[in-house]
Amino acid sequence: MTIWFGTFFQQIQADTKGTILVSDLFPGLSPDKKEEIRADLTQWYDNLNPIQQAAVRQVVEHIEDFLDGRNPGDGRINYF
């Protein structure tokens, strides 16, 4: 009796790379939903240590600009 598993000698990679505009993260938000997201973002950011805050500061600032109705410019999030 032979059992064959189709995953022999396969290399599985999960490389996902790309860029997304901050303005594309939250399409069509109501003012109430924006406030909810802002509160969650602030709470999350405040619970980070200073090194973690420094690592995400620019992204958080772009998201806050968007939530405040200011143009986030070309605020992009690059992911690897």
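Listing for the model above:
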{"quantity": "Residues of the range 49-69 classified as closer than 21 Å to PHE80 by Cα and touching a residue at least 24 places away in the same chain (Cβ under 8 Å), total", "calculated": "3"}
{"quantity": "Inter-residue pairs, beta-carbon under 6 Å, first touching a residue at least 24 places away in the same chain (Cβ under 8 Å) and of a type in the set (Ser, Thr, Tyr) and in the range 20-48, second in a helix (DSSP H, G or I) and surrounded by 12 or more Cβ atoms within 10 Å (Cβ to Cβ), 6+ apart", "calculated": "SER23/PHE66"}
{"quantity": "Candidates ILE3, ILE51, ILE12, filtered to the one that is at pLDDT 95 or above and either open to solvent by 90 Å² or more (accessible area, probe 1.4 Å) or in contact with a Cys (Cβ under 9 Å, 6 or more places away or on another chain) (or both)", "calculated": "ILE51"}
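The values are calculated or read from the model by the stated rules, or taken from the named source; none is laboratory data. Here the structure is a predicted model, which means the values were calculated and not measured. All Cβ positions, glycine included, derive from the backbone under ideal geometry; neighbour counts span all protein chains shown. Side chains included, ligands, DNA and RNA excluded: accessible areas come from the protein's heavy atoms. Shrake-Rupley method; radii C 1.70, N 1.55, O 1.52, S 1.80 Å.
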